[in-house]
Amino acid sequence: MSFIEMEHLSHAYHAGDETERMALSDVSLAIEKGEFVAVLGANGSGKSTLAKHINAILLPTAGNCRVAGFDTSEAGSVWEIRREVGMVFQNPDNQLIAAIVEDDVAFGPENIGMAPERIRENVRCALAAVGMEHFRSFAPHLLSGGQKQRVAIAGALAMQPKCLVLDEPTAMLDPKGREEVMMVLKRLHAEGMTVVLITHFMEEASEAQRVIIMADGRIAAIGTPREVLTDHAAMQKWGLETPLAACLAAGLLKDGVKLPRDILTDDDLICALTGEEPCPSK
Amino acid sequence: MLSDITIGQYYPGRSVLHRLDPRTKIVLLLFFLFAVFAFSSAPAYAILSALTLALMLASGVPMRMMVRSLRPIMWIIFFTFLIHLLSTPGEALAKIWAFTVTREGIEQGFFISLRLVLLIFLSSLLTFTTSPLALTDALERLLAPFRCVGVPAHELAMMMTIALRFVPTLIQETDRIMKAQQSRGADFTEGSILKRLRALIPILVPLFLSAFRRADDLAMAMEARCYHGGEGRTQMKALHFATLDYVSWGVAAALYGLFFSLR
Amino acid sequence: MSIEIKHISYTYMPKTPFERQALKEVTATIEEGTFTAIAGHTGSGKSTLLQHLNGLLHPTEGHVVVDGVDLLPQKKSEKKAARAARMKVGMVFQYPEQQLFEETVEADIAFGPKNLELSGEDVASRVRESMELVHLDYERFHARSPFVLSGGQMRRVAIAGILALRPKYLVLDEPTAGLDPRGRKEILSMVTALHRRKKTTVIFVSHNMDDIARLARHLLVFNKGMLVADGTPQAVFGQTDVLREAGLRQPHVMTLLRHLREAGLPLERTDVLTAEEAEQAICAALKKMRGEKS
């Protein structure tokens, strides 16, 4: 059984109302334990709605969603699911609750009634995991965006979840902040964490093992970054950008240059054009 | 600039007062405030004043910061003194226009003003030596026994925590929105009062909208982190009474005995 | 005509323990009709500088002069001219949609022109004009509440609210922050069109070096409150040491071409700024290589 399983999941906002709007229609998908999955899509494509189902913040209006073996629609399993799945949101300012970093990180463990000594240990580990241990007594409003998001990640980690779902965590950050967050995510994944990253940035998506493209509330494509992100025409149709190397390769192909069709990274393009070294990434 | 305001007046340190349990500090403050009003004899005032001064010195908070905390109520103290000075009947010392200054008036005025000053200093000692968060925690614990009569202790404390967290953010935001509207030609400094009040709408509407959006986001973030009220919650920084607390209770009780004997 | 920044320094909360110098001795000129980018990482002083350009902040030392008028009037008689000069500079803050407050799109865009005390007809025509500039159909949108629009549309309404002031200089602080690729493209193409059609001088802050390379003709780089580079993007992006010091990178296209050349592709130049130029350069190099082989 997969860690996250969605079967024919649909979600309508304001269901039964005249303003009813389908945000997700008939989505089926499975994410394995320890996987790193990126979800891409233009605004309004349903990717945020999808993310919120994994943490049982939203419940399917049709179909079902199982996380860590629990059905999210069963009232009794909500807290179990939220212990297993930590969530990080877009706006770093609107998800930190306490006026001191370490108190904020302790918020989750406190809610699930952990013993104080264990909370202290978890908070310490979580802050160390995101490289923020020196800021434990800071006030959040004095931190940079990237630092705040790392604290938010620590807040999720302190509950020792098996999976992190991040809803555009880097959208409001500068390049340095984005890099900080991505480094943390890559390390956590290497240590066995299941990561579901919603993003607008193709460079971030190409770090994932699998990419899911959402369009109009449906899964438009699913596969490895190399399979999905290199399809220049389709990416444009979905309102997304193609990574630079893939974009250049598409242009060069049109100019009659002989190139493989699945060029994704700079290294791919360099290898293909100079042809001197064997391509290590494939 | 607006964004430079800091809230609370916590002065970080490691003094005896800083190390006391915040619950002890709150309860002792209430005790002493009561004493200031209940025991109005000269010796009691002398002891209380000496005690306050000693605590102020022990706190490690610079004197000028302590004195500055008097500033907002300086005028009140001054007028209270004046009214008592001029309106208390007794042995006349001098006559100014239609008023008579009496010896009792000076005494009364002095003691009433001293009372106010002690009040301010003692409360400031609490806020100077206790972080707002510790205060919130202590209030939650002190109010907990009243939960059965309907006092929402946890909810109040959670509200205070969130307020403490978001006040600086909202101040920064106000500054930004003001500047944005100024860039569209809005003027908050000129015109009649009515005009100035109207000029606030372009600031208040965006500010409220953003506050609601933040509240929405925050509620979701809290839920995602398993928040479900105070039931079954633990605390990382659980409060513990230490020897220091027991000692200070003892001292306070002894002082109370002394005050009663001086009555 | 130009915006002249003359030896300005700015200190936050002077003479307090929180004193912090945000700008040190900055001198630069932004000529009318140019497309200028400002880069620097968070805390480099670029936001403080922006707020000087329309007089929201006044320098602790030095002067900001717009079209020959000092924004900080020395005498009372100069006050009116200084205000007029300030209004020549339109300022679009980060996430400008957060400043919307009126019930309809039309009323919100009209807020600026009304503050200028223009007649009702003038206001109405400016609203129409600016909605057209941001590609929002007047008939479709003018009576709608700005708060039911999509993020990208709200941002365009907010920008229209600034354009309705008919600024000669338009300052945008990270205009594409938080938008999806489509929204980013829309905003940038709108700003470029404005620059081309209306000859508006554009000054924009961006963290995206590839956007800067593609759009700007003049680039200022800030680091620790100081202006550390000032020139054409080609020239500035060539100064790799300065960039690294300022925590910035070369545009991705430049890095990619440099790596290609290092790997042996005989590229004539690597200081290209757009993907199209890069494509041409690669094609030329490939031809050259084939020529050598045969």
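Annotations
- Kirkwood Rh (inverse of mean 1/r, distinct Cα pairs), the range C:95-247, angstrom: 16.7 Å
- Rounded percent of accessible protein surface that carbon and sulfur make up, the range A:4-242, 1.4 Å probe: 48 percent
- Per-residue shielding of A:19-27, expressed as the average number of other chain Cβ atoms within 10 Å of the residue Cβ, stands at 0.
- Sites count as exposed loop sites when they are GluC sites (Glu not before Pro), lie in a DSSP loop, and have at most 14 other Cβ atoms within 10 angstrom; the longest stretch of chain A without one is A:75-190.
- Shown is the FRET efficiency for B:F110 and B:A58, computed with R0 = 22 Å from the Cβ-Cβ distance and rounded to the nearest 0.05: 0.30.
- Per-residue ³J(HN,Hα) for the range B:219-225, Karplus 6.51 cos²θ - 1.76 cosθ + 1.60, θ = phi - 60°, Hz, x for Gly and Pro: 4, 5, 4, 5, 4, 4, 9
- Solvent-free Debye calculation, one equal scatterer per alpha-carbon of the range C:251-294: log10 I(q)/I(0) at 0.17, 0.22 Å⁻¹ equals -0.41, -0.65.
- Average projection area in nm² (convex hull over Cα atoms of the range B:133-232, one quarter of hull surface): 9.1 nm²
- Square roots of 5 times each gyration tensor eigenvalue, C-alpha, the range A:92-165, largest first, Å: 18, 13, 11
- Panel values: the range A:154-250, Kirkwood radius from alpha carbon pairs, Stokes-Einstein at 37 °C and 0.692 mPa s, translational diffusion coefficient 227 µm²/s.
- Where GluC sites (Glu not before Pro) fall in DSSP loop in the range C:83-192, at most 10 other Cβ within 10 Å: C:E117
- The range C:57-96 shape via C-alpha gyration tensor axes, a/c threshold 1.5: prolate
- Sites listed here are GluC sites (Glu not before Pro) in the range B:129-229 whose DSSP assignment is loop and whose Cβ has at most 16 other Cβ atoms within 10 Å: B:E190.
- Ellipsoid semi-axes in whole angstrom, largest first, where each is sqrt(5λ) of the Cα gyration tensor of the range C:32-181: 28, 21, 12
- For the protein assembly as shown, the Stokes-Einstein estimate of translational diffusion at 37 °C and a viscosity of 0.692 mPa s comes to 106 µm²/s, using the Kirkwood hydrodynamic radius over alpha-carbon pairs.
- Contact with the other protein chains removes 20 Å² or more of accessible area, compared with the isolated chain and a 1.4 Å probe, from these residues of the range B:188-217: B:P202, B:V205, B:P206, B:L209, B:R213, B:R214, B:D217.
- With Rh defined as the Kirkwood radius, the inverse of the mean 1/r over Cα pairs, the Rg/Rh of the range B:1-110 is 1.08.
- Radius 14 Å from Cβ of B:L93, net charge of other residues (Lys, Arg +1; Asp, Glu -1): -1
- Using the empirical formula 2.2 N^0.38 Å as the baseline, the Cα radius of gyration of chain C reaches a ratio of 1.12.
- Per-residue shielding of A:204-212, expressed as the average number of other chain Cβ atoms within 10 Å of the residue Cβ, stands at 0.
- Two-decimal Rg/Rh across the range A:1-158, once Rg and the Kirkwood Rh are taken from alpha-carbon atoms: 1.01
- Bins of 10 Å, starting at 0 and running to the largest distance - Cα pair percent for chain A: 7, 27, 32, 23, 10, 2, 0
- Cα gyration tensor, the range C:69-122 - rounded (a/c under 1.5), prolate or oblate: oblate
- FRET E, pair B:L200, A:K258, Förster distance 56 Å, beta-carbon r, rounded to 0.05: 0.25
- Summed side-chain charge close to B:S59 - residues other than B:S59 whose Cβ falls under 14 Å, Lys, Arg +1, Asp, Glu -1: +4
- Average partner coverage of A:38-49, which counts Cβ from other chains inside 10 Å: 2
- Extension gain (nm, one decimal) between C:E292 and C:L116, 0.36 nm per residue minus Cα-Cα: 56.7 nm
- Compactness of the range A:125-166 as Cα Rg over 2.2 N^0.38 Å, two decimals: 1.11
- Directionally averaged shadow of chain B, computed from the convex hull of its alpha-carbon atoms, nm²: 21.2 nm²
- Other residues lying with their Cβ under 15 Å from the Cβ of C:L49 contribute a combined charge of 0, Lys and Arg counting +1, Asp and Glu -1.
- The range B:80-135: chymotrypsin sites (Phe, Trp or Tyr not before Pro) in DSSP loop, at most 13 other beta carbons within 10 Å: B:W97
- Alpha carbon centroid spacing (whole Å) that separates the range B:175-210 from the range A:134-170: 34 Å
- Residue ranking by accessible heavy-atom surface, 1.4 Å probe, largest first, among A:T230, B:T243, C:T240, B:T102 comes out as B:T243, C:T240, A:T230, B:T102.
The values are calculated or read from the model by the stated rules, or taken from the named source; none is laboratory data. Every value quoted in this text rests on a predicted model; they were computed, and no experiment measured them. All Cβ positions, even for glycine, are placed from backbone atoms using ideal geometry, and neighbour counts span all protein chains on display. Side chains included, ligands, DNA and RNA excluded: accessible areas come from the protein's heavy atoms. Shrake-Rupley method; radii C 1.70, N 1.55, O 1.52, S 1.80 Å.
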